[in-house]
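Take a look at the structure below.
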Amino acid sequence: MKKIKQVVISFVLMTILVLPTVVYADYEDEHAFWTGGFPASVIKLADYYEDPSVASFGYSYWTANARADYAGISNANIGFTNVGNYADAEIRFFVVSYGDDYGGIMNPYTSNGTLDVFMTNTWAKAHVIMNDKFMDDNNFTSTNRHKTTIHELGHAFSMRHQVSPTISVMRQGLLNYTDPQPLDISNLQWKY
């Protein structure tokens with residue numbers, strides 16, 4: 001009986017420790033994206049707006065750098081135009097300072113103004129929001145804030161979270177990636 005118990009415990013431990021590293025795989029091509037999102041015609045020259053909160057909290061560098069990084073991907077038709085006003089912008093950047101439940105979030109909206117909770121519809125607008133309070137409370141460095149900004153903008157391109165230990169800006173966590181990684185670039189080239 002003791003021998004059977006040891007075998008069962010060994011099997012359970014092996015399953016818990018080894019299986020996650022065996023079954024994980026990077027999300028590539030269509031698997032890297034939600035089914036909803038902006039049409040490619042929007043992504044090729046997305047109209048954007050930065051709320052004054054972006055500058056007042058000191059995030060202008062990170063939002064500008066995130067846009068430049070994505071627009072600079074060769075063989076991906078991604079671009080941005082600053083329209084200077086909220087109403088005309090498809091992608092809207094904000095910084096808030098409340099709550100302690102997220103560092104950043106991207107909220108997509110359909111043409112009738114409904115939040116697309118399941119990321120399955122065509123989007124008309126997306127709010128890219130960074131939470132300065134959460135980042136302060138969790139000791140985010142400048143590099144971590146940069147990664148959070150580029151990560152949330154990646155969601156505006158319909159990119160879903162990548163799994164650990166994938167090397168990707170779309171991986172969640174306090175990471176130091178400040179540019180799209182080869183997997184991110186390949187996926188965006190595939191879609192756009």
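Show that you can apply the helix-only estimate: for the chain, add -39,500 (n - 2.57) for every DSSP H stretch of four or more residues, divide by all residues, and state [θ] at 222 nm to the nearest 500.
Theoretical 222 nm ellipticity from helices: -11500 deg cm²/dmol.
By the scheme Lys and Arg +1, Asp and Glu -1, what is the net charge of all other residues having a beta-carbon under 12 Å from that of GLY154?
Neighbour charge sum, excluding GLY154 itself: +1.
Calculate the dipole size of segment 118-192 relative to its Cα centre from +1 charges on Lys and Arg beta carbons and -1 charges on Asp and Glu beta carbons; express the result in debye to the nearest 20.
220 debye
Which helices pass in the chain if a helix is a full DSSP H run, must span at least 27 angstrom along its long axis by Cα, and must have mean Kyte-Doolittle hydropathy not below -1.0?
Those that pass (Cα extent of 27 Å or more, hydropathy at least -1.0) are 2-23.
Normalised by the number of residues in the chain, what is the relative contact order in percent for Cα pairs under 8 Å and 6+ residues apart?
26 percent
Dipole magnitude of the chain about its Cα centre, charges +1 at Lys/Arg Cβ and -1 at Asp/Glu Cβ only, in debye to the nearest 20?
Approximately 800 debye in magnitude.
Stretch THR114-SER164 to full length: gain in nm at 0.36 nm per residue minus the Cα-Cα span?
Separation in residues times 0.36 nm, less the Cα-Cα distance, equals 14.9 nm.
Applying a 10 Å radius around every beta-carbon, put 113-121, 74-82 in order of their mean neighbour count, most first.
Order by mean packing, descending: 74-82, 113-121.
Out of the DSSP beta bridges found with both residues in the chain, what percent are antiparallel (nearest 5)?
That works out to approximately 35 percent antiparallel.
Under 5 Å between amide H atoms, partner at least 5 residues away or on a different chain: which partners does ASP116 have, H built in plane at 1.01 Å?
TYR109, THR110
Scan (i) 1.08; (ii) 1.04; (iii) 0.94 for the value of Rg/Rh (Cα atoms, Kirkwood Rh) calculated from this model and give just the label.
Among (i) 1.08; (ii) 1.04; (iii) 0.94, the one derived from this structure is (i).
Compute the separation of the alpha-carbon centres of segment 89-127 and segment 154-179 and state it in Å as a whole number.
If you average the Cα positions of each part, the centres end up 17 Å apart.
Taken together, the values in this text are just the output of simple stated rules run on the coordinates, not laboratory data. Remember, predicted model here, so these are calculated numbers, not experimental data. No Cβ is skipped: glycine too gets one built from the backbone with ideal geometry, and neighbour counts run over all protein chains shown.
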